[in-house]
Amino acid sequence: MKPTQEPRIDPSETFDVLVIGGGNAALCAAMTASEAGARVVLLEASPWEFRGGNSRHTRNLRYMHRSANGFLTGPYLEDEFFKDLLLVTKGNTNEDLARFTIRESAEVGDWMMAHGVRFQPSMRGTLHLSRTNAFFRGGGKALVNAYYATCERLGVKILYDAEVTDLDMSDGLFRSATVNHKGTVLQLRARCMIAASGGFQADLEWLKRSWGEAADNFIVRGSPYDKGVVLRVLREKGADTVGDPSQCHCVAIDARAPKYDGGIVTRLDCVPFGICVNKEAKRFYNEGEEFWPKRYAIWGRLVAQQQGQTAYSIIDAKSIDLFMPSVFPPIEAGSIKELAHKLGLDPDSLESTIQEYNAATTPGAFDSNALDGLATTGLEPIKSNWARPIDTAPFYGYPLRPGITFTYLSLKIDEQARMLMQDGKPSKNIFAAGELVSGNILGQGYMAGFGMTIGTVFGRIAGKESAKCLQKS
């Protein structure tokens, strides 16, 4: 329930720990530091109604576990976890830090439940994740609501509409933050600071430096409050960074989605079960390369490389019930040419592409829950799994756009979540967590639920280490 009034903040007070951010990592940090005895203030840039950053839009978390439980069907151990990470990053990761993250995620579900989160077994369309990923009952919004309730119970002071605009720090030592709180400028002091305020994906001008004018056609499916202000300020004041600014979690989403904050309901999971074409009605990538959770985050970049940053997913009646439906209904037609007209594609070109694809399909057993090897032959690009003819009316189409969730340019950290300075030394009292550190592990690519893993692991470490830092100072 929305509080009737916010906690009173005395500007003369010096807090123990100041947490910047209001999503999963920030909340994990705040809870852990508070449980260790620290007086914590948390600054969420959004209003109460939109609190939780991108974590609001999540559904699950991937974590290491040694056996099945009430919501996971079997073990998922370090080597398999790391192998899955290598597949999506193509080796572009810090192995030591990645393996550390995986080990630190072991059995984290128990800790989450102790802090209010509830899980449920995988549902239709996500059964292939039933062994590796734990799904939140009520989704990400229920998770952040539970964590906020726990923070309030622990005495964490929470300010909404509190945007950090500058930091007072020198030689890696944090002193205070300048905060615009509902139009009033505050100067908040703390003995330690934890940065967990996400990437810069909502700053389109920053995106253009890497993507050029194409960024104008991106849809920011995550929080509009992640503008990278804290990342920029910390870089200017000597923090070291890691990661390619053009790399990001970018998925194919419905082109009819709002410009900001559309969330997971705008994502389209139908791509593996049909074909994908560009504005010329030509295929451009292997739609059946891997299970969707291991490939969905490359499709945003693929669509971004097409003319007008637009593509179309085409399926038929055989596949319409095989994936989680999105919030927008498909465009439906009785023939391929009619569908092309409705999508604004050249009818003859689309029909020709589908005829060529259908002729390249081969007989075999189709299995949507396995890499079934049902591949095309003699077709470029190949479709290596789930390649059935598109021949059964009605036919359906979805328009696609690149949907960016978060960027990978990150603050460099060590295993204690300490922010590293450009001279290689750790900051004396600044820690970092969440998407703001994802580039330490994700050089490229993504696998479902791993952002929440990084956020939970380093959020907890940042909270614990900040409390230790207080004892030393």
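The values are calculated or read from the model by the stated rules, or taken from the named source; none is laboratory data. What you see is a predicted model; the values in this text were computed from it and never measured. Here the Cβ is made from the backbone with ideal geometry for all residues, glycine too, and neighbour counts use every protein chain on show. Remember, those area values only see protein heavy atoms, side chains included, never the ligands or the DNA or RNA. Shrake-Rupley method; radii C 1.70, N 1.55, O 1.52, S 1.80 Å.
A compact table of results
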read-out: By average C-beta atoms within 10 angstrom, highest first, the peptides 23-29, 110-116, 181-187; value: 23-29, 110-116, 181-187
read-out: Derived scalar couplings ³J(HN,Hα) [the stretch 463-473; Karplus, 6.51 cos²θ - 1.76 cosθ + 1.60; whole Hz; x for Gly, Pro]; value: x, 5, 6, 5, 5, 5, 4, 5, 5, 7, 7
read-out: Straight-distance crosslink candidates among aspartates and glutamates, where the alpha carbon sits under 14 Å from K182 and sequence neighbours closer than 8 are dropped; value: E6, E44, D161, E163
read-out: Flagged links, alpha-carbon separation over 27 Å, of K157/K464; K141/K464; K90/K383; K294/K428; K83/K412; K294/K318; value: K294/K428
read-out: Packing-based ranking, highest mean first, of 10-16, 442-448 given that Cβ atoms within 10 Å are counted; value: 442-448, 10-16
read-out: Among 241-253, 46-58, 192-204, 209-221, the order from most to least packed when residues are scored by Cβ within 10 Å on average; value: 192-204, 241-253, 46-58, 209-221
read-out: For the stretch 63-166: rounded, prolate or oblate by the Cα gyration tensor [a/c cutoff 1.5]; value: oblate
read-out: Structure-derived Kirkwood radius over Cα pairs in Å: which label, when the choices are (1) 24.1; (2) 23.0; (3) 25.1; value: (2)
read-out: Eligible aspartates and glutamates near K282 by straight Cα distance, threshold 14 Å, same-chain separation 8 or greater; value: D346, D348, E351, E356, E380
read-out: Average accessible surface area per residue within the chain, 1.4 Å rolling probe, Å²; value: 38 Å²
read-out: Fraction of accessible area attributable to carbon and sulfur, the chain (%, probe 1.4 Å); value: 49 percent
read-out: Global geometry of the stretch 316-397, whether rounded, prolate or oblate, following the gyration tensor of its Cα atoms and the 1.5 cut on a/c; value: oblate
read-out: Cα gyration tensor shape for the stretch 383-426, rounded if a/c is under 1.5, else prolate or oblate; value: prolate
